[in-house]
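The values are calculated or read from the model by the stated rules, or taken from the named source; none is laboratory data. Here the structure is a predicted model, which is why all the values come from computation and not from measurement. Note that we place each Cβ from the backbone using ideal geometry, even for glycine, and neighbour counts take in every protein chain shown. Note: accessible area is taken over every heavy atom of the protein model, side chains too, but ligands, DNA and RNA are not part of it. Shrake-Rupley method; radii C 1.70, N 1.55, O 1.52, S 1.80 Å.
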Amino acid sequence: MISLFSIQDPGNSIEWMLYLADKYAGMFWEGTKLTLFIAVLGTILGFALGYVIGIIQDAKINKGDHILKKALLRLIKAIVTVYVEIFRDTPMIVQAMIIYFGIREANIEIDPVSAGVLVTVLNTGAYMAETVRAGIGSIDLGQREGAWAMGMSPMKTMICVVLPQAFKNIIPEMANTFLTNLKMTSVLNVIAVQELFMAAKTVGGNYYKYFESYLVIAVIYFVLCFAFNKIFNFMEKKMRGRSDYALAVEYMDNQ
């Protein structure tokens, strides 16, 4: 690998930071790729899980429903409520330890990366479930009633009318969740996931320069989060559309 810096005998912290970033660039790069992989996959799958749970939480139990349907829906609602409360009220680092070692205690082989993705998915799903439920609730009830009056079933109304609009409202929170996951993957080092924080920990131990090594990944985390935040802001602005349009009704009134 071509050296980016000519520092051979670093003296101060800045020189050590540059020296470590140069010498262990490959290790930091691999840690960054794994961090991005877990954050992206965990957020996407977690969002899908949260969407399903949000729909379940929003489902209504009607008086005319069959007794078995009522019992089944109540049971499913109770299960997802317990799941959401557990994962929202416990630290992700504890969840990682329990899930990884709990699965291995059951004599099921699972590698640290798969366990890390699973933890991220379950944690994200719990938080996104509440966001999805709120997003669905933000859609005017009159739109559902209009769809029902046109003969659409409640499920078709949810899929074709409510969810597309709710999705647009949820995008900003999904972006925030992804940025949070990008940083929270650092706790997965407790189950030996070789992500960015673990790379810094390993590099720092080689020279006992932990401060300088952690400064390197602080810069990497900052650059990643800053870049993705700008991308998400641009996407959100595009989805909002133009703000200088004129309503057709107003145009007709002026004629």
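Quick notes on this structure:
- Condition met for residue 18 (among the aliphatic types (A, V, I, L, M), open to solvent by less than 50 Å² (accessible area, probe 1.4 Å) and over 30 Å from residue 159 (Cβ atoms)): no
- Any chance residue 48 is part of a helix (DSSP H, G or I), open to solvent by 40 Å² or more (accessible area, probe 1.4 Å) and not β-branched (Val, Ile, Thr): yes
- Condition met for residue 90 (β-branched (Val, Ile, Thr) and either over 19 Å from residue 45 (Cα atoms) or open to solvent by 90 Å² or more (accessible area, probe 1.4 Å) (or both)): yes
- Residues that are open to solvent by less than 100 Å² (accessible area, probe 1.4 Å) and at pLDDT 85 or above within region 59-71 comprise just one, 71.
- Checking each residue in region 182-203 for being closer than 24 Å to residue 12 by Cβ and either in contact with a His (Cβ under 8 Å, 6 or more places away or on another chain) or without any contact (Cβ under 8 Å) to a residue 24 or more places away in the chain (or both) picks out only 201.
- Count - residues of region 181-204 that are more than 20 Å from residue 94 (Cβ to Cβ) and hydroxyl-bearing (Ser, Thr, Tyr): 1
- Hits in region 126-149 - residues which are touching a residue at least 40 places away in the same chain (Cβ under 8 Å) and either open to solvent by 10 Å² or more (accessible area, probe 1.4 Å) or closer than 16 Å to residue 168 by Cα (or both): 127, 128, 129, 130, 131, 132, 133, 135, 136, 137
- The lone criterion from (1) part of a helix (DSSP H, G or I); (2) within 25 Å of residue 123 (Cβ to Cβ) left unmet by residue 146 is number (2).
- Which numbered condition residue 101 misses (of (1) hydrophobic (A, V, I, L, M, F, W, C); (2) in a helix (DSSP H, G or I); (3) open to solvent by less than 80 Å² (accessible area, probe 1.4 Å); (4) within 30 Å of residue 183 (Cα to Cα)): (3)
- Members of region 114-142 that are outside any helix (DSSP H, G or I) and among the aliphatic types (A, V, I, L, M): 139
- For region 21-79, a residue qualifies if it is basic (Lys, Arg) and either closer than 17 Å to residue 114 by Cβ or in contact with a Phe, Trp or Tyr (Cβ under 7 Å, 6 or more places away or on another chain) (or both), and exactly one does: 33.
This table checks each residue for (1) farther than 17 Å from residue 236 by Cβ; (2) open to solvent by 70 Å² or more (accessible area, probe 1.4 Å).
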position	(1), (2)
124	yes, no
159	yes, yes
170	no, no
190	yes, no
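- Test: residue in region 117-131 that is out of contact with any helix residue (DSSP H, G or I) (no Cβ under 8 Å at 6 or more places or on another chain) and either under 23 Å from residue 91 (Cβ atoms) or aromatic (Phe, Trp, Tyr) (or both): no
- Test: residue 157 is closer than 24 Å to residue 37 by Cβ and either of a type in the set (Val, Ile, Thr) or over 19 Å from the mean Cα position of the chain (by Cα) (or both): no
- Candidates 94, 82 - the one that is over 17 Å from the mean Cα position of the chain (by Cα), in a helix (DSSP H, G or I) and closer than 24 Å to residue 136 by Cβ: 82
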